[in-house]
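Chemist: The structure follows.
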Amino acid sequence: MNQADLSKLVSALRIAVKPKPKLFSSPEGPAGRLKKLSATVTALVKYERIELNYPRAEEAQGYAERLISDAIRNGDCHKHTMEMADYWLNEKQLVHKLFKVLVPRYQNYNSSFTRLVRGPTTYPGYYAGTAILELKGNPFPPLKPETHNYHYWLHNVLLEEAKKEFRSAREERNAGTTESVTAES
């Protein structure tokens, strides 16, 4: 039986998308909620790093990931992809940025295109906290320092060898005391 390859029909997102959307209030109802999400995705593409409340950032991350993955897979000649870019990006010059800057940047990425970092909690303040949503590879300094392997630095190697010598000397000393105790008995 001939079946279509599902991965070509549905974009494979590289982030975990919650099945139930986050609830954040909007006095304008569902249309206002989508307007806020559209403004968030637009700001993310424009500034490449934004700070906002966590529920909105978490949900906007999924929409931004989907928009970028569709743009990479289908290109700017695909009608549906252009309609989605037109819907999610309120400023039309950002459509060009999506296809001319972001698509070449993320063409060979194997991981997600965005990073979501929890911001500092303020007391008293909004209970859900703030978050920083950013596109990977942006020109800003990193939020978290990169973890380095300090295991092979000289002083760490010397300390590790000193620990081994100390443990072996302690084991010999303990073995000597147990032999003297058994000999006296």
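Chemist: Which condition does Tyr87 not pass, out of (1) among the hydroxyl-bearing types (Ser, Thr, Tyr); (2) open to solvent by less than 20 Å² (accessible area, probe 1.4 Å); (3) more than 23 Å from Ser111 (Cα to Cα), if it passes all the others?
Modeler: That leaves (2) as the condition not met.
Chemist: Looking at the range 100-119 only, could you name the residues that are under 20 Å from Ile50 (Cβ atoms) and open to solvent by 80 Å² or more (accessible area, probe 1.4 Å)?
Modeler: Selection gives Arg115, Arg118.
Chemist: If I ask for residues that are open to solvent by 20 Å² or more (accessible area, probe 1.4 Å), more than 22 Å from Pro142 (Cβ to Cβ) and of a type in the set (Gly, Ala, Ser), which ones from the range 29-70 would you list?
Modeler: Listed by number, the residues that qualify are Gly29, Ala31, Ala39.
Conditions (1) in contact with a Lys or Arg (Cβ under 7 Å, 6 or more places away or on another chain); (2) modelled with pLDDT of 90 or more; (3) not aliphatic (A, V, I, L, M), marked per residue:
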site: Leu89; (1), (2), (3): no, yes, no
site: Tyr106; (1), (2), (3): no, yes, yes
site: Pro124; (1), (2), (3): no, no, yes
site: Leu143; (1), (2), (3): no, no, no
site: Asn149; (1), (2), (3): no, no, yes
site: Glu161; (1), (2), (3): no, yes, yes
site: Gly176; (1), (2), (3): no, no, yes
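Chemist: Let me ask something else about it. Kindly indicate whether Lys97 is open to solvent by 80 Å² or more (accessible area, probe 1.4 Å) and of a type in the set (D, E, K, R). Explain how you work it out, then say what you get.
Modeler: Working: open to solvent by 80 Å² or more (accessible area, probe 1.4 Å): no; of a type in the set (D, E, K, R): yes.
It is false that Lys97 is open to solvent by 80 Å² or more (accessible area, probe 1.4 Å) and of a type in the set (D, E, K, R).
Chemist: Could you grab me the full set of residues in the range 22-42 that are at pLDDT 85 or above and within 22 Å of Gly129 (Cβ to Cβ)?
Modeler: Arg33, Lys36, Leu37, Ala39, Thr40, Val41
Chemist: Of the conditions (1) among the basic types (Lys, Arg); (2) more than 20 Å from Ser38 (Cα to Cα); (3) surrounded by fewer than 13 Cβ atoms within 10 Å (Cβ to Cβ), Arg73 fails just one. Which one is it?
Modeler: Unmet for Arg73, out of (1) among the basic types (Lys, Arg); (2) more than 20 Å from Ser38 (Cα to Cα); (3) surrounded by fewer than 13 Cβ atoms within 10 Å (Cβ to Cβ): (3).
Chemist: Separate question: With over 17 Å from Arg49 (Cα atoms) and in the same structural domain as Ser25 (by the TED database) as the only criterion, which of Arg167, Arg66 stands out? Quick ask: steps written out before the conclusion?
Modeler: Numbers: Arg167 fails: in the same structural domain as Ser25 (by the TED database).
It is Arg66.
Chemist: Sticking with this structure for a sec: What pairs come out if I take residues in the range 104-126 that are closer than 14 Å to Gln61 by Cβ and pair them with residues that are open to solvent by 70 Å² or more (accessible area, probe 1.4 Å) and not in a helix (DSSP H, G or I) whose C-beta lies under 7 Å away, six or more apart or interchain?
Modeler: What qualifies is Ser111/Arg14; Ser112/Arg14; Val117/Leu143; Val117/Lys144.
The values are calculated or read from the model by the stated rules, or taken from the named source; none is laboratory data. It should be emphasised that the depicted structure is a prediction, and the values quoted were computed from it without experimental measurement. So basically every Cβ, Gly included, is an ideal-geometry build from the backbone, and we count neighbours across all protein chains shown. For accessibility, only protein heavy atoms count, side chains too; no ligands or nucleic acids. Shrake-Rupley method; radii C 1.70, N 1.55, O 1.52, S 1.80 Å.
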